[in-house]
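Data first, discussion second: the structure below is written as structure tokens.
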Amino acid sequence: MLITDPVNDFFNKVKHERVLVMVALDVDALCACKILQALFKCDHVQYTLVPVINKSQLIKEFEEHKEQYKHIVLLNCGGNIDLLHILDPSEDISFYVIDSHRPIDLVNFFCEQQIYMLLKHDEDEIAAIPDYDSIYRDYDSDDEDSENDETEQVSKRHRFDEATLEKRRERKKWEEKRKEIIFDYEEFSFYGPSAAMLVYELAWKMSKDNNDQLWWAITGVADQFQNKKIGRDKYVSSVLELQGHMSRLNHRDEDDDNTKSVNSVKISFEHDLDLALYRHWSLFESLCHSLPTASAFKVWTNMGIKRLHQFLAEMGLPLTQCKQNYSFMETKMRDNLQSLVEESAEKFGLRNIKYQSFSAQCGYNHRLCASDAVYSVGALLEKLYSKDSQAAGENSNFVDSLDSLSRVTAPKMQDGLELAKLQLQAIKSSVSSFIDIGQILSYGPFLYTAVREGMPDYKYFGKPIFLNLFSHFLLNSYVRSLNKTKRERAKNLPLVICAPFNVDDGTTIIIGIPPLADESRKNLFGNAFLHAAERTKSRTSHESFDSSIITLKNEDLSKFLDALITIMS
Amino acid sequence: MEPGDVEFIAEKELVKIVPNFALGKIYFISGDVGPFSPGLPVDVPLWLAIAIKQRQKCRVHPPEWLDVDKIETMKDDEIASEFFTELPNPHFCEVAQLLLTHATDNIPNADLLRTLIKDIWDIRAAKLRSNIDKFVKLQAGHARLDNLSQMEINTIRPFLTASLDHMYQLRISQSYTERNMSTQ
């Protein structure tokens, strides 16, 4: 059921109860969780936090806790799966789902009780959901008819024949139409408004919002954009909303600068450079490891490095300055950096180097950009552990990442930034080697590549956030590396990547991402994977909340891919 | 007494808050508080004010004396005067400290105030120390210090009484040996 008034229908209902909060492991969900925690703290609500990584864990944790809790909040999970079907909850349990995964499962949406969906009031979104009447219909009258038929006499039956036939025909037609509607609805998976943003709006409606919560909402939205879950237009409209909240929260201090304490969080809106972690790294490294610059310069070639040097020379920045930590660069250069980059970027064919973003500052510390926070928290979430401490590692990763979000100046955030640098380096070196060796193959309807076990850093690739970031990086770089005629074609091709998931079990993780030219970020692999698996009877598991990420047994890989090609061509 | 205990006593001071919720009177052992209605200022004990503030259910009105100009003149007076000046509130430091940490956003110029209050505290502590030095050197039997706050007395008490005890014992033993020497 759709909740229209989240304060009364959701928060006030759970206020005096014990609540179980299940959080998916992505940055957006964590941010939403932080805001919700702050709200719960204000009203002394008792709650339990449980991280859930995939569907089976969701079921497991639910089974474990279902005795004690009657109210369950799902953050960024559960919206696109039929909860009543997989969890089979008793009738007094209610679920509150705040999920950005789309399409929403229709049973969840039309269920009259037990499941409550928190959605943004968005015309498009509601319009996308098919009419209730077109997919559900009472068959009672028909059934009664058939029952009556049997009890009635044979002679009478003949008279009804024409009518029942007509009815049946109509029913068949309707069923076909229903199938079509549902197929259209579920064909693509994509992402709706960020969960953090939704929870923030709840806080705002309760007039309990403050700068900390706004920062979490910003981080949640930045996560969606950075991991290419949403297109630029959706991002910009969210940013505009956030900007409105920002000026509303801070308007009192605008007239007099020194009224605000140094130790509080200050958020500012700016057109920032789209470079990864450049405030915490050296400018040169950051240029090499950011998606837009790395792919534009083709830094994996010698020519690319040369062009990068040319770019720096054009801006008049000495290499000694660029190669040292950004915070130690001369102040004059730092101040002019934005305008310098912007001027030279056009000459080198760098488009969209600047984007709207937010940064936060607390005390006299360095400023933290929202996208850097996303990198850092994401890296902490997927920190690697040795095999024996795997189970403990996942939970401690969750706690660490929550901790890193707790304050802008949290020391864990710094650790995360260092980890994120390692990840970006791994991405860059793998992208270089993939393109150099020409490992990306065109399979007709899609591009394909596989990460081999034994590659350096191959362990990173089993993690969904990293794999997603890597595949976007790779697709961008690959398309750039082609010549013009091929490029146009490759732009419209999606990419599928396989990577070792669990070496001991012999399983592979597969991710599919939409083509570069597609701005709507709609992903058709969810259904394609499902059909391919059905057709070949591969041993796949569609455990991830994101339907375009699946795992399967290594032996089934080749027949699965063959089926995928036939389905998609 | 620990500093924490002094702070606990200070939390009984009344402050003005503007709540954003409605609630009837609350009956505490120490007295009744309320009723609360949105937008109407009400006097509550500091501990309650902080608890409500942390739940984001009120705005705190800083006390009159917690103002940059007033604190600045206080500081100047404190420097000029030889003795301790009178504090606007017997729990001046504790109240200021608590309000500045928990209700920073309701107090204008919080950072500046924090420094000024720390300055006043330091000046007074220095005065106190030099006075004690004088007192001990003179071997006086008693001294009179007006306008000391409980916190200040409390910071100096454990050290001062203990050292006076020591000195007394030393002095007794000294006089004892002297008496012995003279009788021999």
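Regarding the range A:429-473, what whole-number volume in Å³ per residue does the convex hull of its Cα atoms give? Working shown, then result.
Details: hull volume 3.6 nm³, N = 45.
Dividing the Cα hull volume of the range A:429-473 by its residues yields 80 Å³.
Based on the Cβ-Cβ distance from residue A:553 to residue A:484, what FRET efficiency comes out when R0 is 41 Å, to the nearest 0.05? Intermediate results must be reported in sequence, preceding the final value.
Numbers: r = 41 Å, r/R0 = 0.99.
For residue A:553 and residue A:484, the calculated efficiency is 0.50.
Using a Förster distance of 41 angstrom, determine the FRET efficiency expected from the C-beta separation of residue B:26 and residue A:174, and round it to 0.05.
Working: r = 62 Å, r/R0 = 1.52.
Result of the calculation: an efficiency of 0.05.
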Worksheet, complete the sentence: Of all GluC sites (Glu not before Pro) in the range A:70-138, the ones in DSSP coil with at most 16 other Cβ atoms within 10 Å are A:91, A:112
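Listing A:567, A:550, A:126 from the residue with the fewest other Cβ atoms within 10 Å to the one with the most, what is the order? Present the calculation step by step, with values, prior to reporting the outcome.
Working: A:567 16, A:550 25, A:126 12.
Result, fewest neighbours first: A:126, A:567, A:550.
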Worksheet item: Scattering from the C-alpha atoms of the range A:505-558 alone, worked out with Debye: what is log10 I(q)/I(0) at q = 0.16, 0.17, 0.24 1/Å?
Response: -0.48, -0.53, -0.91
Worksheet item: Of B:163, B:130, B:58, which is farthest along the charge dipole of chain B in the positive direction, counting Lys and Arg as +1 and Asp and Glu as -1 at C-beta?
Response: B:163
Discussion item. Quick check: pseudo-label points 7 Å beyond the Cα along Cα→Cβ at residue A:251 and residue A:531, how many nm apart are they?
Written reply: 5.2
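For A:540, B:155, which order do you get if you count the other beta carbons within 10 Å of each Cβ and list the fewest first? Don't skip to the answer; put the middle values down first.
On the way: A:540 21, B:155 16.
Least to most surrounded, the residues fall as B:155, A:540.
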Worksheet, complete the sentence: Residue-normalised 222 nm signal for chain B, counting each DSSP H run of n ≥ 4 as -39,500 (n - 2.57), nearest 500 deg cm²/dmol, is -19000 deg cm²/dmol
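Divide, for the range A:2-122, the radius of gyration over alpha carbons by 2.2 N^0.38 Å, where N is the residue count.
Details: Rg = 13.1 Å, N = 121, 2.2 N^0.38 = 13.6 Å.
Ratio of Rg to 2.2 N^0.38 Å for the range A:2-122: 0.96.
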Worksheet item: Reachable lysines from residue A:177, Cα under 20 Å, same-chain residues fewer than 8 places away excluded?
Response: A:167
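Using the Cα centre as the reference, give the magnitude of the dipole from point charges on the C-beta atoms of the range B:66-184 (Lys, Arg: +1; Asp, Glu: -1; all else neutral), rounded to the nearest 20 debye. It would help to have the intermediate numbers written out before the result.
On the way: 13 positive and 18 negative charges, 167 e Å.
Using only the charged Cβ atoms, the result is roughly 800 debye.
Using a simple charge model, +1 on the beta-carbon of Lys and Arg, -1 on the beta-carbon of Asp and Glu, nothing else, what dipole does the range B:1-61 show about its Cα centre, in debye to the nearest 20? Provide the component values of the computation, followed by the final result.
Working: 7 positive and 7 negative charges, 94 e Å.
So the dipole magnitude of the range B:1-61 works out to roughly 460 debye.
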Worksheet item: How far apart, in nm, are the 7 Å Cα→Cβ label points at residue A:93 and residue A:4?
Response: 2.9
Practice prompt. Return, ordered by residue number, the residues of the range A:391-434 whose backbone nitrogen is under 20 Å from a label point located 7 Å along Cα→Cβ of residue A:452.
Written response: A:426-434
Worksheet item: For a paramagnetic label modelled at 7 Å from the Cα of residue A:384 toward its Cβ, which residues of the range A:52-69 fall within the zone defined by backbone nitrogen distances under 20 Å?
Response: none
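Counting only DSSP beta bridges with both residues in the protein assembly as shown, what percent are antiparallel, rounded to the nearest 5? Display every interim value, and only then the final one.
Values: 43 of 69 bridges.
Roughly 60 percent of the beta bridges in the protein assembly as shown run antiparallel, per DSSP.
Students often get this wrong, so check it: of A:70/A:120; B:75/B:134; A:55/A:120; A:205/B:12; A:228/A:298, which have C-alpha atoms separated by over 29 Å?
On the way: A:70/A:120 25 Å; B:75/B:134 23 Å; A:55/A:120 24 Å; A:205/B:12 34 Å; A:228/A:298 21 Å.
Among A:70/A:120; B:75/B:134; A:55/A:120; A:205/B:12; A:228/A:298, the Cα-Cα distance tops 29 Å for A:205/B:12.
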Worksheet item: In percent, how large is the relative contact order of chain B, given Cα pairs closer than 8 Å and 6 or more residues apart?
Response: 20
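Enter the per residue convex hull volume of the range B:66-184, computed from alpha-carbon coordinates, in Å³ rounded to the nearest integer.
Working: hull volume 11.5 nm³, N = 119.
In the range B:66-184, the Cα hull volume divided by residue count equals 96 Å³.
What ratio of Cα Rg to 2.2 N^0.38 Å holds for chain A? Please report the intermediate quantities before stating the final value.
Numbers: Rg = 26.1 Å, N = 569, 2.2 N^0.38 = 24.5 Å.
Expressed relative to 2.2 N^0.38 Å, the Cα Rg reads 1.06.
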Discussion item. What three numbers, in Å, describe the spread of the alpha carbons of the range B:1-61 along their principal axes, ordered from the longest?
Written reply: 39, 23, 16
Worksheet entry | Label point at residue A:136 placed 7 Å out along Cα→Cβ; residues across the range A:97-112 whose backbone nitrogen lies under 12 Å | A:106-112
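How high is the relative contact order of the range A:438-568, given as a whole-number percent (alpha carbon pairs under 8 Å, six or more residues apart)? Please report the intermediate quantities before stating the final value.
Values: 202 pairs, mean separation 29.4, N = 131.
Relative contact order, the range A:438-568: 22 percent.
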Response to the item:
CD proxy, 222 nm, chain A: helix-only mean residue ellipticity via -39,500 (n - 2.57) per DSSP H run with n ≥ 4, per residue, nearest 500, stands at -16000 deg cm²/dmol
Worksheet item: With contacts defined as alpha carbon pairs under 8 Å and 6 or more residues apart, what's the relative contact order of chain A in percent?
Response: 13
Discussion item. Angle check, please: helix B:150-183 long axis (alpha carbons) against the longest principal axis of chain B (alpha carbons), in degrees 0 to 90, nearest 10.
Written reply: 10
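What's the magnitude of the charge dipole for the range B:8-119 around its Cα centre, counting Lys and Arg as +1 and Asp and Glu as -1 at the beta-carbon? Answer in Debye, nearest 20.
Working: 11 positive and 17 negative charges, 176 e Å.
Magnitude of the dipole: close to 840 debye.
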Practice prompt. Would you mind computing the Rg to Rh ratio of the range A:301-376 from its alpha-carbon coordinates, Kirkwood style for Rh?
Written response: 1.00
Worksheet, complete the sentence: FRET efficiency (residue B:101, residue A:342; Cβ distance; R0 45 Å; to 0.05) is 0.60
Worksheet item: Hey, fewest Cβ within 10 Å first, where do A:1, A:455 land in order?
Response: A:1, A:455
Practice prompt. Can you pull the one-decimal nm distance between simple spin-label points at residue A:364 and residue B:70, each 7 Å off the Cα toward Cβ?
Written response: 3.0
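Since every read-out is calculated from the coordinates, none of them should be taken as a lab result. Since we're looking at a predicted model, the values are computed, not measured. As a convention, Cβ positions derive from the backbone with ideal geometry for all residues, glycine included, and neighbour counts pool all protein chains shown.
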